[in-house]
Amino acid sequence: MKADALRGHLDALLLATLDGKAMHGYAIIEALQERSGGALDLPTGTVYPALRRLDEAGCVQSAWSTVGGRQRRTYRLTAAGERALQAERIAWREFTAAIEGVLAGTASRA
């Protein structure tokens, strides 16, 4: 899946991946790929700037740690990130219900 197809959804995907645990950047990329059945194979040049943006927005907090003798920046959700994720999940359900109603030819009762 191309990164352009994810426009507007990348932040939600990153927040959902971090829901419940702290992870370093490459582990986030691997988790996205695994959870999507391989459909999301995002380059570091897409993921790391988004993580920095989320960090600056206060949705994630980052800290340096040493793993296996290597320095890695680890990210975790903040309270603001948890609220943003909840809002993204609600918006996604509303969006998919509306699109499903159109594609299936049925009316959606919101």
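Quick notes on this one:
- Test: T66 is surrounded by 15 or more Cβ atoms within 10 Å (Cβ to Cβ) and out of contact with any strand residue (DSSP E or B) (no Cβ under 6 Å at 6 or more places or on another chain): no
- A80 among the aliphatic types (A, V, I, L, M) and over 21 Å from L32 (Cβ atoms): yes
- Filter result for G101 (exposed (fewer than 10 other Cβ atoms within 10 Å of the Cβ), over 11 Å from the mean Cα position of the chain (by Cα) and not hydroxyl-bearing (S, T, Y)): no
- All positions within segment 51-91 that are free of Cβ contacts under 8 Å to residues at least 40 places away in the same chain and of a type in the set (K, R): R52, R70, R83
- Cβ pairs under 7 Å, 6+ apart, first in segment 92-110 and at pLDDT 90 or above, second surrounded by 10 or more Cβ atoms within 10 Å (Cβ to Cβ): W92/A12; A97/S108; A98/S108; G101/S108
Here's the yes/no breakdown for (1) small (G, A, S); (2) closer than 13 Å to L13 by Cα:
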residue	(1), (2)
P43	no, no
V47	no, yes
V67	no, no
R70	no, no
R76	no, no
R83	no, no
A97	yes, no
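The values are calculated or read from the model by the stated rules, or taken from the named source; none is laboratory data. Worth saying up front: this structure is predicted, and the values here are computed from it rather than measured. Positions of Cβ are backbone-derived with ideal geometry, glycine not excepted, and every protein chain shown enters the neighbour counts.
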